[in-house]
1. Just to verify a result, which residue in segment 1-57, among those that are outside any loop (DSSP other than H, G, I, E, B), within 15 Å of ligand 2 (Cβ to nearest atom) and over 16 Å from residue 76 (Cβ atoms), is farthest from the chain's Cα centre (by Cα)?
2. Restricting attention to segment 49-68, report how many residues are buried (at least 16 other Cβ atoms within 10 Å of the Cβ) and either free of Cβ contacts under 8 Å to residues at least 60 places away in the same chain or closer than 14 Å to residue 22 by Cβ (or both).
Amino acid sequence: MTEPVIAQKAPYATDVEEGKSYFWCTCGQSGKQPFCDGSHKGSDFAPQKYTAEKTGKAFFCGCKHTRKSPMCDGSHNKI
Ligand code: FES
Ligand code: FES
């Protein structure tokens with residue numbers, strides 16, 4: 001397993017809709033952060049599905065090193 005690319009060392013504050021599913025980019029290579037755009041093809045990475053529990057802002061991890069994926073848990077401060 002290779003290391004993910006750090007897309008940014010901060011979360012992406014993103015509007016999500018209750019009941020809607022999103023595919024968080026785990027590899028860091030997507031051009032459509034924080035979501036997967038298929039750029040992981042040929043790597044060991046795959047997107048992670050997330051279904052929003054409520055409508056509002058969600059803070060998706062941009063550094064790809066969170067331990068509470070797909071959300072930021074503050075780990076970006078340690079990398
Ligand atoms: Fe990163 Fe798909 S582009 S997981
Ligand atoms: Fe990855 Fe905060 S952006 S843990």
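Coordinate-derived values only; no laboratory data. Values in this document were obtained by computation on a predicted structure and should not be read as measured data. FYI the Cβ positions are ideal-geometry reconstructions off the backbone, even for glycines, and counts take in every protein chain you see.
1. Going through the qualifying residues, I end up with 57.
2. 9
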